[in-house]
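The values are calculated or read from the model by the stated rules, or taken from the named source; none is laboratory data. The model shown is predicted, which means the values in this text are computed figures rather than measured ones. Virtual Cβ from ideal backbone geometry, glycine too; neighbours counted across all protein chains shown. Areas reflect the complete protein model, heavy atoms only, side chains present, ligands, DNA and RNA absent. Shrake-Rupley method; radii C 1.70, N 1.55, O 1.52, S 1.80 Å.
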Amino acid sequence: MSEYSGVAVSAGRVIGRVRTMAPPVAAPSADEKIPADADPAVESARIKEAAAAVQASLAQRAERAEGNAKAVLEATAQMAADPTLVQTAEGLISSTRVTPERAVWDAGDQVAAMLESLGGYMAERAADVKDVRARIVAELRGEQAPGIPDAAEPFVLLAIDLAPADTATLDPDKVIALVTSDGGPQSHTAILARQLGLPAIVAAKGIDAIADGTEVFVDGARGVISDEVGDRERELSEAWARLQENPLTYEGGGAVLADGTRMAMLANIGSAKDAEKAAAANADGVGLFRTEFLFLDREDEPSGEEQTAAYAAAFAHFSGKKVVVRTIDAGADKPLPFLTDADEPNPALGVRAYRTSWAKRSVLTNQLDAIAAAAQASDAKVWVMAPMISTVEDVEDFIGMCRERSIAPAGIMVETPSAAVTADRMLAACDFASIGTNDLTQYTMAADRMLGSLAHLNNPWQPAVLSLVGATCTGARAAGGDPEAFGDTANKPVGVCGEAAGDPALAVVLVGLGVNSLSMTPRSLPAVAKVLSSVSLEDAKRLAQAAVSARTADEAKDAVRASLPILEELGL
């Protein structure tokens, strides 16, 4: 038996055969030449044949796909059919006698550079060209094409990691579980798995030793993949399948703890479409509206009118309910050409999020004007918060901008240790706080959340991170609350909107530490509400103390899970 452990990012227990995603196509050697007696025309014909095969394969997959995946596959198929790449490669064979593989590779660089120089939409197609050239080179070599395998039967996908383009074509009806050797618990791959409800494990070292076609058992809750599939594993898998056939539901109205305590259950969204799904899932409101998705992949700042319309469209799904809007979180892994500096040596610790307003204030003030306009035209209860806050001066500056526009309540994200340990002063200067556990974890542990090699550090179960969550709630109590505005005499509201809120076991700890609301992907609402219903507030406080007092993240997690038998019953 071989068992591999990684970081659990999405619960679920399944059995399936492994399909391994091909690694990135390696660049052919620049010294590769066709034989002296070879006919360049014959070698060029091989490129045409390979390009035609790639185009046909992509078109066939597009016919079976839907939505965004269909659009991605159709666009890539069109690029494979474009003669520009093939003709450029043929010219290189004639002029330099490089092999077809090297000719396609160099031609891809040339065509991509040309598109990038045009800017705008054409520049965005440069990535498509490089994707197509890799597929053509793989076809010429007789290798598996890059990207997610196309299989007739559902399978467990093993990969180093997934690129954004790969995630667009991931079909949850075919991929029943996802295991990667790289990536971290807050990587885009992990977030996608949670959104789709796929059992998933990241940073599972050694999985490349698992042969394609091997039957495996994946336990997404424990973070374990095993090639020993016995009766117990089949029982667990069948229990999980039954739960999917009769899934838990969330009816709204907050999670009700065993003693009657209610906890607001909110959703994380990035668009009006996400808001519609969250409303359909009966979320009590929105705890995190990520507005930067309106700004990404464009050369210029969106107009105030465009922003107002986008925000209003999302607010419309939550009439009479709270919607917490996070102002633009640009920088780090979300650079913007009109706002951030691409040459910063360490962008995660650089001028990102609220800090961009120091030099380019109008982008933030224009956004606040648009939010205010959309809120005024809506029945939603709009709250606004700024990310990447580190000092009381930051808080006072941002709240001042909000007050000038009559935006209230106005608050902050707690993502830096400095904000957590001075939460009493921070919250004295604003109306509420929301803890972003993804960034709070990476800054507390000094561990880039995108690096799979640091995944064991980038774990919200780390006692140091939980201690800072507790410190934030303690500071909120010291700052006092406004019962007329918030309905809480003990403290100003503190929510959690990071991925940690969607982990049912960790949600119990967060409630015990004193948070007032939890915000997560809508798919996580039922399970979190169900697990919270099994404990009282005193139970949650006891488990929170056990987690904070633990020596390690693993010991914290194990201690809490051992006290929550409902997790085993639900396969969580």
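A few comments on the model shown:
- Once C-alpha pairs closer than 8 Å and six or more residues apart are averaged by separation and normalised to the residue number of the chain, the relative contact order reads 14 percent.
- Fraction of antiparallel bridges per DSSP, the chain only, in percent to nearest 5: 35 percent
- 1.4 Å probe accessible area per residue over region 464-572, in Å²: 37 Å²
- Placing a label point 7 Å from the Cα of T84 along the Cα-to-Cβ direction, the residues of region 132-162 with a backbone N closer than 16 Å are 132-134.
- Restraint check, K273/K492; K130/K273; K174/K273; K277/K321; K273/K321; K174/K205, Cα-Cα greater than 27 Å: K273/K492; K130/K273
- Mean projected area of the convex hull spanned by the Cα atoms of the chain, taken over all viewing directions: 26.9 nm².
- Largest-first principal axis extents of the Cα set of region 201-318 (Å): 59, 48, 23
- Expected-Rg normalisation [2.2 N^0.38 Å, Cα atoms] applied to region 366-452: 1.19
- The chain - mean residue ellipticity at 222 nm from DSSP helices (-39,500 (n - 2.57) per run, n ≥ 4, rounded to 500): -14000 deg cm²/dmol
- Accessible area, probe 1.4 Å, largest first, for residues V256, V175: V256, V175
- In the chain, the portion of solvent-accessible area held by carbon and sulfur atoms comes to 50 percent [1.4 Å probe, whole percent, DNA, RNA and ligands not counted].
- Per residue Cα convex hull volume in Å³ - calculated over region 142-236: 112 Å³
- Diffusion coefficient, µm² s⁻¹, Stokes-Einstein with Kirkwood Rh over alpha-carbon pairs of region 379-524 at 25 °C and 0.890 mPa s: 160 µm²/s
- Residue ranking by accessible heavy-atom surface, 1.4 Å probe, largest first, among K541, K70, K273, K557 comes out as K273, K541, K70, K557.
- Surrounding net charge for R17, when Lys and Arg each add one and Asp and Glu each subtract one, Cβ distance under 13 Å: -2
- Filtered GluC sites (Glu not before Pro), region 359-414: DSSP coil and at most 10 other beta carbons within 10 Å: none
- For region 1-152, the C-alpha radius of gyration divided by 2.2 N^0.38 Å, with N the number of residues, is 1.22.
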